[in-house]
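Enquirer: Before anything else, here's the structure in question.
The values are calculated or read from the model by the stated rules, or taken from the named source; none is laboratory data. Remember, predicted model here, so these are calculated numbers, not experimental data. Here the Cβ positions follow ideal geometry from the backbone for every residue, glycine too, while neighbour counts run over all protein chains shown. Just so you know, the surface numbers come from the protein's heavy atoms only, side chains and all, with ligands and any DNA or RNA stripped out. Shrake-Rupley method; radii C 1.70, N 1.55, O 1.52, S 1.80 Å.
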Amino acid sequence: MIVHFPVSLLCVALLLEVLSWRKAWAGLRAGVPALVFISAISAFVSVAFGLILANQEDYGGDTVQIHQWTGIATLVFTLATAWALRTHRQRLYRGLLLVAVSGVIVAGHYGAMLTHGESYLTEVLPFDDPSPSSELPVSFISNGQPLTGQQVEDLNLEVRSILAHSCYSCHSATKMKGELRLDKREFIMQGGEHGVVVVPGRPQESELIRRISLPDGHKEAMPTKGKRLTEKEVAILTYWVEQGAPWPDGAERSIYRVADLAPRLPEIPPATAEFSQPIDRFVNAYFKQNSISWKKSVDDRTYLRRVYLDVVGLLPEPKVVNAFLADRRPDKREQLVRELLNRNDAYAQHWITFWNDALRNDYSGTGYITGGRSDITNWLYTSLKTNKPYNWFVRELISPAKESEGFVKGIKWRGTINSSQRTEMQAAQNVAQVFLGLNLKCASCHDSFISDWKLADAYAFANVFSDSLLEINRCDKPTGKMAGRAILFQELGEISVDAPIGQRLRELADFLVQPKDGRLYRTLVNRIWAQLMGRGLVEPVDAMDNLPWSQDLLDWLAYDFVQNNYDIKRLIYIILTSKTYQLPSVGVQEPELIASPSYVFEGMTRRRLTAEQFADAVSVAFAPIYPDSAVMYKLFPERLPTELAFARASLVKNDPFLTALGRPNRETVSTNRTSQANLLQALELTNGIKFNEALAAGSRIWKRRFSDQHALIQNLYLQALGRNPLPKEMDTAKRLLGPGEEGVQDLMWALALHPEFQLIY
């Protein structure tokens with residue numbers, strides 16, 4: 001709204017200027033200078049607020065870019081107009097005033113397009129009154145002829161999609177407000193407590209159409225919660241009623257996207273002189289399709305740091321950086337990845353963080369004291385260290401021995417709990433989420449609003465993990481109905497419903513790890529891709545029915561993974577050695593853009609170090625964050641003390657420092673940590689006791705180690721950032737140091753908060 005002020009003032013100034021050219025109106029010109037100068041100030045404020053909003057609001061595309069640059073250009077012309085007026089350059093002033101007003105009009109036009117839509121001008125014109133049919137997809141238009149079977153099916157799918165997204169929360173099996181259900185045709189035609197809501201063939205007499213067509217704010221307008229229906233959605237429902245509210249015969253097609261279960265081997269795009277690796281060939285085809293140019297690969301220093309943090313979670317030491325930069329072998333990057341993946345101890349100590357989050361395994365917390373929970377730490381660490389094939393990894397978690405039973409065993413909560421949190425339902429939810437990328441949490445209370453999964457499906461799967469059949473509870477209320485036992489995707493196999501629980505779990509594990517279960521392996525490769533690239537091929541990573549940005553690449557990675565013995569390290573190797581991984585990172589300002597359906601891949605998403613990576617980086621660069629006694633040795637293999645160079649944060653209990661930096665509460669599955677900085681992190685890194693104590697201890701060590709300021713600064717930069725300080729940085733650091741230890745601590749703090757330290761570029 002701020003832009004309207006300079007618009008009005010400049011237009012008034014121009015009008016007064018034009019009128020003043022006639023002698024009868026000459027006196028009006030006296031107020032022009034004040035208007036112009038106020039307009040210049042207002043234009044500056046408008047541009048400033050516009051730039052702030054552009055970084056805060058969910059705007060994007062060409063329109064916002066044009067609006068920004070025309071606004072900036074208008075500011076320049078407005079300032080120039082004020083200058084010309086002040087310096088009495090009359091002819092130049094009038095020309096600039098005309099240009100500035102034109103610029104404001106253009107900028108305002110594109111601003112209005114952002115806030116009111118591209119048709120904000122034409123939609124209010126009397127002759128722009130589109131008929132309902134003009135809002136419909138072409139496939140629905142019958143041109144006066146009866147709808148074909150395919151048209152009925154397509155129209156029905158659209159109608160059910162609209163009702164599901166806008167009406168089911170109040171009018172479905174879960175909740176029947178006004179005794180009205182809109183999730184089945186028979187219930188729609190039956191109506192509610194006030195009578196029928198749909199009169200086939202007569203939309204003007206149908207209460208449903210009347211309610212959704214009422215203006216916003218009307219007490220009878222529907223839906224009462226959430227967004228109102230769009231004009232297109234109203235037109236589709238009106239057309240459906242007009243056509244007689246047709247409903248196709250036979251099974252209803254799902255209104256939700258359901259990803260294929262079976263594996264698929266897509267044809268790899270042709271190799272080129274530059275791109276021979278399969279990942280790069282798929283991405284090259286994707287770039288061509290989206291008119292994206294390949295950017296130059298990152299330099300050796302950036303690649304080295306990126307790979308170190310992704311494989312072993314540590315910063316490379318200065319001598320390693322120097323050796324890698326001096327290495328002239330053409331395959332040195334491939335050799336580096338191979339060498340790091342062979343560091344089994346460091347690999348396991350880093351990747352255990354990822355799997356602890358996903359398998360909700362922690363070293364302390366709810367349930368351990370009472371025996372209502374057991375950890376899998378020893379089994380998990382050993383599995384990672386030995387690179388256990390993923391099919392056996394999954395098999396041993398679902399059909400577990402004693403040391404790996406903590407995952408399906410879940411947490412036995414004390415006291416009264418919601419029925420959707422009984423241990424059997426936890427097992428069903430967690431197996432579905434972690435291994436199949438499927439959210440069963442909604443369907444554990446009621447039929448899902450976001451998928452076709454029903455309450456009965458969730459209970460049938462939970463019964464696989466149960467000694468006895470569970471009574472179905474809808475929204476925590478007993479229904480008196482019992483579910484059977486069944487796997488979620490029954491085409492994978494049929495569970496022996498009356499077999500002992502041990503046999504059932506073996507059958508379930510065998511069914512899930514079959515090569516024909518493409519979903520299991522797509523979910524895994526998508527998680528690894530997201531961990532290394534900052535964003536999954538499918539996003540969110542727990543919603544594998546969503547459309548990937550490259551279906552072919554996802555399918556090929558999963559197929560190749562199975563063909564190569566379910567080897568996670570090999571999967572990591574082919575991703576890290578691809579030219580795709582070596583592209584410059586891409587910054588994302590708003591986390592919502594990561595999961596946006598309009599996302600376009602251009603390279604790795606720039607990431608912030610995880611809590612554990614940051615703590616380890618501080619420990620390596622300056623001084624240990626944690627003492628050796630903080631490591632939970634009793635939970636790990638006996639050899640662990642000989643494998644640790646220092647107390648790594650992944651092996652210690654959670655605390656306020658790690659919580660502030662993003663380590664989740666592992667009482668629930670966590671498959672994605674936010675990379676966005678927040679206020680809690682800022683406070684912890686400014687005033688946190690643990691962080692500042694480590695820097696204070698480090699400052700004493702470094703002060704004793706280096707008496708020469710220049711050497712101290714240079715070595716701190718090498719340890720923290722892997723490079724020498726720039727001349728300006730050296731001068732600033734010398735001024736900061738001073739004679740005591742406080743200056744060293746301040747310099748360490750500044751380096752720890754440096755973007756080069758905190759981000760993976």
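Enquirer: Mind checking whether some residue in segment 227-237 is farther than 30 Å from S444 by Cβ, in contact (Cβ under 8 Å) with a residue 12 or more places away in the chain, out of contact with any strand residue (DSSP E or B) (no Cβ under 8 Å at 6 or more places or on another chain) and open to solvent by 70 Å² or more (accessible area, probe 1.4 Å)?
Expert: yes
Enquirer: So T674 ticks every box in (1) open to solvent by 80 Å² or more (accessible area, probe 1.4 Å); (2) at pLDDT 95 or above but one. Which box is left unticked?
Expert: Here T674 clears every test but (2).
Enquirer: Could you say which residue among Q503, Q531 is out of contact with any helix residue (DSSP H, G or I) (no Cβ under 8 Å at 6 or more places or on another chain) and open to solvent by 30 Å² or more (accessible area, probe 1.4 Å)?
Expert: None of the other options fit; the residue is Q503.
Enquirer: Go through segment 684-729 and give me each residue that's in a loop (DSSP other than H, G, I, E, B) and in contact (Cβ under 8 Å) with a residue 24 or more places away in the chain.
Expert: Selection gives G688, G722, R723.
Enquirer: Just the residues that are closer than 18 Å to F354 by Cα and open to solvent by less than 20 Å² (accessible area, probe 1.4 Å), please, taken from segment 626-646.
Expert: Residues satisfying the conditions are V631, F636.
Enquirer: Return the only residue of G217, G201 being touching a residue at least 40 places away in the same chain (Cβ under 8 Å) and not hydrophobic (A, V, I, L, M, F, W, C).
Expert: Answer to the check: G201.
Enquirer: Between a residue in segment 322-341 that is over 22 Å from N724 (Cβ atoms) and modelled with pLDDT of 95 or more and any residue that is open to solvent by 60 Å² or more (accessible area, probe 1.4 Å) and assigned to a helix (DSSP H, G or I), which pairs come within a Cβ distance under 9 Å, given they are 6 or more apart or on different chains?
Expert: Here the result reads R329/Q335; L341/R570, each pair linking segment 322-341 to a residue that is open to solvent by 60 Å² or more (accessible area, probe 1.4 Å) and assigned to a helix (DSSP H, G or I).
Enquirer: Further, regarding this structure: Only one residue in Y521, Y573 is open to solvent by less than 10 Å² (accessible area, probe 1.4 Å), within 27 Å of H350 (Cβ to Cβ) and within 26 Å of the chain's Cα centre (by Cα). Which one?
Expert: Just a single option satisfies the conditions, and that option is Y521.
Enquirer: Of L163, L214, which residue is of a type in the set (A, V, I, L, M), over 22 Å from R253 (Cα atoms) and either modelled with pLDDT of 85 or more or open to solvent by less than 40 Å² (accessible area, probe 1.4 Å) (or both)?
Expert: Result of the check over L163, L214: L214.
Enquirer: Would you be able to tell me the number of residues in segment 406-451 that are buried (at least 20 other Cβ atoms within 10 Å of the Cβ) and among the aromatic types (F, W, Y)?
Expert: Final tally of qualifying residues: 2.
Enquirer: Condition first: open to solvent by 10 Å² or more (accessible area, probe 1.4 Å), in contact (Cβ under 8 Å) with a residue 24 or more places away in the chain, of a type outside the set (D, E) and in a helix (DSSP H, G or I). Now tell me which residues in segment 385-405 satisfy that.
Expert: Passing the criteria: K385, N391, W392, R395.
Enquirer: Right, here's the next one. P246 - would you say it is closer than 30 Å to A543 by Cα and either open to solvent by 50 Å² or more (accessible area, probe 1.4 Å) or assigned to a loop (DSSP other than H, G, I, E, B) (or both)? Walk me through how you get there before you give the answer.
Expert: Working: closer than 30 Å to A543 by Cα: no; either open to solvent by 50 Å² or more (accessible area, probe 1.4 Å) or assigned to a loop (DSSP other than H, G, I, E, B) (or both): yes.
Here the answer is no, as P246 does not meet what is asked.
Enquirer: Would you call T382 surrounded by fewer than 18 Cβ atoms within 10 Å (Cβ to Cβ), of a type outside the set (D, E) and part of a loop (DSSP other than H, G, I, E, B)?
Expert: When the stated conditions are applied, T382 does not pass them.
Enquirer: Continuing with the same structure: Looking for whichever is under 19 Å from I352 (Cβ atoms), over 16 Å from the mean Cα position of the chain (by Cα), buried (at least 16 other Cβ atoms within 10 Å of the Cβ) and modelled with pLDDT of 95 or more here; the options are Q551, Q613, Q582. Which one fits?
Expert: Answer to the check: Q613.
Enquirer: Now a separate question. Residues that are in contact with a Pro (Cβ under 7 Å, 6 or more places away or on another chain): find the helices (runs of 4 or more DSSP H) completely inside segment 287-343 holding 2 or more of those.
Expert: Those helices (runs of 4 or more DSSP H) span 300-311.
Enquirer: If we scan segment 363-374, do we find a residue that is open to solvent by 10 Å² or more (accessible area, probe 1.4 Å), under 31 Å from the mean Cα position of the chain (by Cα) and under 27 Å from Y559 (Cα atoms)?
Expert: no
Enquirer: Of everything in segment 249-286 that's more than 30 Å from H165 (Cα to Cα) and among the polar types (S, T, N, Q), which residue is surrounded by the most Cβ atoms within 10 Å (Cβ to Cβ)?
Expert: N284
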